[in-house]
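No value in this document is a laboratory result; all are computed from the given coordinates. Because the structure is a prediction, the values reported are computed rather than measured. Using ideal geometry, Cβ is built from the backbone for each residue, glycine included, and neighbour counts are taken over all protein chains shown.
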């Protein structure tokens, strides 16, 4: 397939080539749907032409690693001269992974979860460059996968990091990601140094700090430090023809019995329902249990009640989902859930529904044979292009994670979509549900600030 890069894609390629040559690392913070994989293929191909002996390691989440990268390399084979091999842990035996790596291909693709195996199995890596797809998967400085790449970074000529959500929660997320790009030159060689320079302790107990707050000057200073080698592009700027997106909140009443149980649990942090015992030992557990109430189900406390079963509370949100389906006759609808019990009840109520992980589910979606394609947001973050067959998203239970929220919506709200996208969020009034949009908005504000600040169009 012959392809011509869009002007903004050519801009990203030129930028990455320049800064990898001069800085050793480039961050491409590009909105979903702008073609990060295609841009990366072009970068790798040009570098390969310049240095034919160069071997490149591509690290991606499982689905993109096993499918998206392979599909795109094959689809656009007319535009590059790269050969590639795939070594993904979940889909391949260790023997097959070893064989793939020992092919000595120009590009080797692995999944993020496979890094520890790769590090353990091959003390000496043949790769002198890395492309890290979804760089935000390395935002935790304590994660084993980050520590491995931090050590291996010194052996790399250059690194390109790709993400649309570099600061989904806070500026603290940036340090480990930026370290992999430049080896610590911009933001410091340790997370401690980063904290001490730009943050002050927030919530803490004794010497244990639970939250770090940026100093008044921190935001602009950090942006100035990373700006020379990080490029941001926003879909709204580069794809003005992208159909309009509308977010519709459905605020529904919590059924009376569920409301009474919800208030009791909120007050006592303990309840027995249908013989199952449930308690909340800390704030995190409390929030999770309250969220279960709003989802119409309650999971037992296995420590108190190891034999307990899931308690069915109500189907209020499923009833509202039916209303949305009725308002969109003939449309396939992408529904996000949080709990397995929600999925179970979706399957019972709509027998022709499928979960995105079911064999044949994607074929059924692309063949327009579904009423509902259900998905947990964590399983639909990457590598799914569903925009040609649907334009309606429903959040049965809204996530707290901005990254999951943005990535999940982008399965339909992306390049190739020809219809206005509807994003429906079902929320129960006067419950923890109503906090979620506020949390997402707060995190989105920070995310937008980072993306805007690093936009080359403003320089």
State the antiparallel share, in %, of DSSP beta bridges confined to segment 7-236, rounding to the nearest 5.
15
Rounded to the nearest 500, what is the 222 nm mean residue ellipticity of the chain from helices alone, with -39500 (n - 2.57) per DSSP H run of 4+ residues and division by all residues?
-11000 deg cm²/dmol
Note on the chain: contact order normalised by length, alpha-carbon pairs under 8 Å, 6 or more apart, percent, works out to 16
Simple spin-label estimate for residue 71 and residue 270 in nanometres, 7 Å along Cα-Cβ
5.2
At 0.36 nm per residue, and after removing the present C-alpha to C-alpha distance, how many nm does the segment from residue 79 to residue 288 gain when stretched out fully?
70.4 nm
So, by mean Cβ neighbours within 10 angstrom, what's the order for 68-78, 417-427 with the highest one leading?
417-427, 68-78
Based on other C-beta atoms within 10 Å, arrange 81, 388, 124, 6 from fewest to most.
124, 81, 388, 6
Quick check: the distance between the Cα centres of segment 412-449 and segment 144-191, to the nearest angstrom?
28
If one puts a single equal scatterer on every Cα of segment 7-236 and applies the Debye formula without solvent, what log₁₀ I(q)/I(0) results at q = 0.14 Å⁻¹?
-0.87
Taking the Cα-to-Cβ direction at residue 307 and at residue 358 and moving 7 Å from each Cα, how far apart do the two end points lie in nm?
3.4
Among beta bridges assigned by DSSP with both residues in the chain, the antiparallel ones amount in percent, to the nearest 5, to 20
For an R0 of 45 angstrom, estimate the FRET efficiency from the Cβ-Cβ distance between residue 50 and residue 441 and round to the nearest 0.05.
0.50
Pull up the DSSP beta bridges for segment 317-417 and report the antiparallel fraction as a percent, rounded to 5.
0
Cα-based shape type of segment 25-114, given that a ≥ b ≥ c are square roots of the gyration tensor eigenvalues and the cut on a/c is 1.5
oblate
Relative contact order for segment 1-123: what percent, with Cα pairs under 8 Å and sequence separation of 6 or more?
27
Just how far, in whole angstrom, is segment 24-92 from segment 309-381 if you go by their alpha carbon centroids?
32
Relative contact order for segment 187-248: what is it in percent, counting Cα pairs under 8 Å that are at least 6 residues apart?
22
Using alpha carbon coordinates only, what is the Rg to Rh ratio of the chain, with Rh defined as the Kirkwood radius?
0.98
Expressed in nanometres to one decimal, the distance between label points 7 Å along Cα→Cβ at residue 140 and residue 209 is 2.0
Hey, can you rank 445-451, 407-413 by average C-beta count inside 10 Å, highest first?
407-413, 445-451
